[in-house]
Amino acid sequence: MMIAAAEISEQAQVSNWPMRILLTVLTIAVIAGFFTLIIRSWRRRAARQDQLGSLPDVPQEVTDAVESGELDLVEMRYIGTASDVNWNDKIAYAGLSNRGFAEVGVHGQGVVIDRGVGGVLFIPRDSIVSVRLDKGVAGRAYGKDGVVALRWVHSDQALDTGLRSSSADVRDALQSQVENMAQGGARFTPLAGANTANANTSATTASRDEE
């Protein structure tokens, strides 16, 4: 009896091998198909974003104002840039999807976002459509009015760029100054009430909360 049972068990194991091979092949095919779809999606996105062309140059007047200290820069956190159609459609072109600390200033010619090793992103005044407080940008949410979202147009594509500070005063000041600049305000507008020391503390606190 024991020999017969062993033989039956062995036969069952042998008969299961084709099914196991089939299931393994199907699993590999599903995984391969999933990653193929992801790669194709990224390629389509990259091809679409390549049409953005070169980012705007920083005007010499703005550079001079920053270097001379005439234009105050406030530390915030750069959240990223996304398509205005889909807040989760991050723009990977030119590293615009990379989050990190940034120094932000509002000049009469536009908004300066110095991302350190990520480079300087300059948003010209004439390209700015609106500025608002929102819950998030580029797939990152921080609660009601937690992010300053700048909507601007580049190469006929509307984009949303997000800047974050844990201080509501800093966010409110940036929104107000961008609105003032867009309406033809002062040549450069320091972020009144949002001094660098306070912003540094806010940015440091935010980094602990957001990583």
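Sort out which residues of the range 86-131 are β-branched (Val, Ile, Thr) and without any contact (Cβ under 8 Å) to a residue 40 or more places away in the chain, and write them in order of number. I'd like the intermediate steps shown before the answer.
If we filter the range 86-131 for residues that are β-branched (Val, Ile, Thr), which is where we start, we get 91, 104, 106, 111-113, 117, 120, 123, 128-129, 131.
The answer is Val117, Val129.
I'm checking my understanding of the structure. Among residues of the range 135-145 that are in contact (Cβ under 8 Å) with a residue 24 or more places away in the chain and surrounded by fewer than 17 Cβ atoms within 10 Å (Cβ to Cβ), which one is farthest from Asp172 (Cα to Cα)?
Start the filter on the range 135-145 by keeping residues that are in contact (Cβ under 8 Å) with a residue 24 or more places away in the chain, which leaves 136-140, 142, 145.
Okay, now just the ones that are also surrounded by fewer than 17 Cβ atoms within 10 Å (Cβ to Cβ), so 139, 145.
Details: Gly139: 22, Asp145: 9 Å.
For the range 135-145, the residue satisfying everything is Gly139.
Would a scan of the range 80-94 turn up a residue that is surrounded by fewer than 20 Cβ atoms within 10 Å (Cβ to Cβ), in a loop (DSSP other than H, G, I, E, B) and either touching a helix residue (DSSP H, G or I) at 6+ places or on another chain (Cβ under 8 Å) or outside the structural domain of Val153 (by TED's automatic domain parsing) (or both)? Yes: the range 80-94 contains one or more residues that are surrounded by fewer than 20 Cβ atoms within 10 Å (Cβ to Cβ), in a loop (DSSP other than H, G, I, E, B) and either touching a helix residue (DSSP H, G or I) at 6+ places or on another chain (Cβ under 8 Å) or outside the structural domain of Val153 (by TED's automatic domain parsing) (or both).
Test of understanding: among Ser97, Ser127, which residue is at pLDDT 90 or above, touching a strand residue (DSSP E or B) at 6+ places or on another chain (Cβ under 6 Å) and among the polar types (S, T, N, Q)? Walk me through it before giving the result.
On the way: Ser97 fails: at pLDDT 90 or above.
That would be Ser127, the only listed residue that is at pLDDT 90 or above, touching a strand residue (DSSP E or B) at 6+ places or on another chain (Cβ under 6 Å) and among the polar types (S, T, N, Q).
Going residue by residue through the range 97-118, is there one that turns out to be assigned to a strand (DSSP E or B) and over 19 Å from Val58 (Cβ atoms)? No: the range 97-118 contains no residue that is assigned to a strand (DSSP E or B) and over 19 Å from Val58 (Cβ atoms).
Select from the range 54-65 the residues that are surrounded by fewer than 20 Cβ atoms within 10 Å (Cβ to Cβ) and modelled with pLDDT of 90 or more and write down the one among them that is nearest to Asp134 (Cα to Cα).
Just the residues of the range 54-65 that are surrounded by fewer than 20 Cβ atoms within 10 Å (Cβ to Cβ), to begin with: 54-61, 63-64.
Okay, now just the ones that are also modelled with pLDDT of 90 or more, so 56-61, 63-64.
Details: Pro56: 25, Asp57: 27, Val58: 27, Pro59: 29, Gln60: 32, Glu61: 31, Thr63: 29, Asp64: 32 Å.
Applying the filter and picking the extreme gives Pro56.
I'm trying to understand the selection: among the residues of the range 67-123, which are of a type in the set (D, E, K, R), over 13 Å from the mean Cα position of the chain (by Cα) and closer than 22 Å to Ser155 by Cα? If the condition is that a residue be of a type in the set (D, E, K, R), over 13 Å from the mean Cα position of the chain (by Cα) and closer than 22 Å to Ser155 by Cα, then Asp114 is the only one that fits. Tallying residues that are hydrophobic (A, V, I, L, M, F, W, C), touching a helix residue (DSSP H, G or I) at 6+ places or on another chain (Cβ under 7 Å) and surrounded by 22 or more Cβ atoms within 10 Å (Cβ to Cβ) within the range 146-183 yields 6.
The values are calculated or read from the model by the stated rules, or taken from the named source; none is laboratory data. Note that this is a predicted model, so its numbers are computed, not measured. Cβ: placed from backbone, ideal geometry, glycine included. Neighbour counts: every protein chain shown.
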